[in-house]
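Since the structure comes first, as structure tokens, the remarks are kept for the end.
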Amino acid sequence: MPISKMTKIITGSKAETLDERVLSSKEPVVLKGLVKNWAIVKQGLKSDGNAIDYIKSHYNGRASIASIGSPEINGRFFYTEHGTALNYKTRKAKIDEILDLIQEGFSERLPTSYYIASNLIDSHFPGFRAENDIAIPRPRVNYPLEGVRAGIWIGNRTTACCHYDASDNLACCVVGKRRFTLFPPDQISNLYPGPLSPTPGGQVLSMVDLANPDFEKHPKFSQAVEHGEIAELEPGDALYLPSMWWHQVEAQSPFNVLINYWWSNSAKHMGPTVNVLYHAMLSLRDKPENEKQAWKHIFDYYIFGDSNQAGDHLPEEAKGYLGEIDVNKAKMLRAMILNNLNR
């Protein structure tokens, strides 16, 4: 039951003048050739060796976290059989050391899997962004926004299994080819999320093997397939992936490099939303059903509906937390929550 829908492709976009409207659609879109003029892309098109030498030329020698999997996992970084551990190891390593190990494996039919994930570029590759960068357009607001994080992903032929991220993502394929398999956020129950711990990078993985799904074990996955789509990226292409979309990423070449930008257009003083999920597990999930349904209405009123409706009928001086949450109110709310949790 293959996924037949292909992600929408836009041509003609330029890294120097990225249109904010492209990033406001909240639908995935492939930006064909967006970063084709980057120096790393040009070096990679010459050869993998050229790309590796170029990366090393900007590397400052700081250690990073490398994920290393035995040849038997065939590049698929996942859980062990019983889901209580991960099927690979992580260790601190020098990035040039990992690049050498990847290069040594080019001649092997089934090499050891190496993956350096989401390493901040500025901390390890000073000067790299002078020749390989893009400005993410941001809205003009009267409060500080969360910053943009630029990361580099380096590895051989690997699969980052299906998961979601809380931030918007611009994923730029710069060396090798990548395939993204995408599902909208409402497909979560059809993707059979795995345990909350352990996880690679803090994000839960779908338990479905997308390359060989077991429809007897995961029958609802057939519904997810109907809503899925595929994005194929060549060097120089980019994918805009809205926050909370599930995605599996397959690096399809012996050597692969991806540069990505993560950001959120929410206020900097807002906390991680996953904290709400954990708090709800503690305080709400196991309440009697009638109470849960009542709280669902309350959350719809205060949180998921129009954010102004709960305070619109109140005088301005009486709105309190029902009005705009600024930095000071955020600090007060955080202190109140911590105080209540520590009782």
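FYI, it's all coordinate maths here, none of it is from the lab. None of the values given here were measured: they were computed from a predicted structure. Ideal geometry is used to build each Cβ from the backbone, glycine not excepted, and the neighbour counts take in all protein chains shown.
Below are the figures for this structure:
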quantity: Fraction of the pair-distance distribution of segment 22-72 above 12 Å, Cα-Cα pairs, percent; calculated: 77
quantity: About the Cα centre, charge dipole magnitude for segment 274-341 (Lys/Arg +1, Asp/Glu -1 at Cβ), debye; calculated: 360
quantity: For segment 274-341, average projected area of the Cα convex hull in nm²; calculated: 5.5
quantity: Whole-angstrom gap from segment 26-83 to segment 268-295, using each part's C-alpha centre; calculated: 37
quantity: When segment 210-343 is reduced to its Cα atoms, the Kirkwood hydrodynamic radius in Å; calculated: 19.9
quantity: Convex hull volume per residue for segment 1-109, taking Cα atoms only, in Å³; calculated: 214
quantity: Percent antiparallel among DSSP beta bridges (both partners in the chain, rounded to 5); calculated: 90
quantity: Whole-number D in µm²/s for the chain (Stokes-Einstein; Kirkwood sum over Cα pairs; 10 °C, 1.306 mPa s); calculated: 71
quantity: Spherically averaged projected area in nm², based on the convex hull that wraps the Cα atoms of segment 81-178; calculated: 9.4
quantity: Mean Cβ neighbour count within 10 Å, used as a protection proxy, ranking 52-59, 142-149, 29-36 highest first; calculated: 29-36, 52-59, 142-149
quantity: Net charge of Cβ neighbours under 9 Å - reference A267; Lys, Arg +1; Asp, Glu -1; calculated: -1
quantity: Axial C-alpha extent at least 27 Å, average Kyte-Doolittle at least 0.0 - helices from the chain (DSSP); calculated: none
quantity: Total lysine pairs whose alpha carbons fall under 23 Å of each other in segment 274-341 (8 or more apart, or interchain); calculated: 4
quantity: MRE, 222 nm, helices only [DSSP H, n ≥ 4, -39500 (n - 2.57), over the chain, to nearest 500]; calculated: -6500 deg cm²/dmol
quantity: Dipole magnitude (debye, nearest 20) for segment 1-101, charges at Cβ of Lys, Arg, Asp, Glu; calculated: 220
quantity: Radius 12 Å from Cβ of K8, net charge of other residues (Lys, Arg +1; Asp, Glu -1); calculated: 0
quantity: Furthest towards positive pole of dipole, S57, A150, F215, structure part the chain, Cβ charges; calculated: S57
quantity: Under 11 Å, Cβ to Cβ, from N156 - net charge with Lys/Arg +1 and Asp/Glu -1; calculated: -2
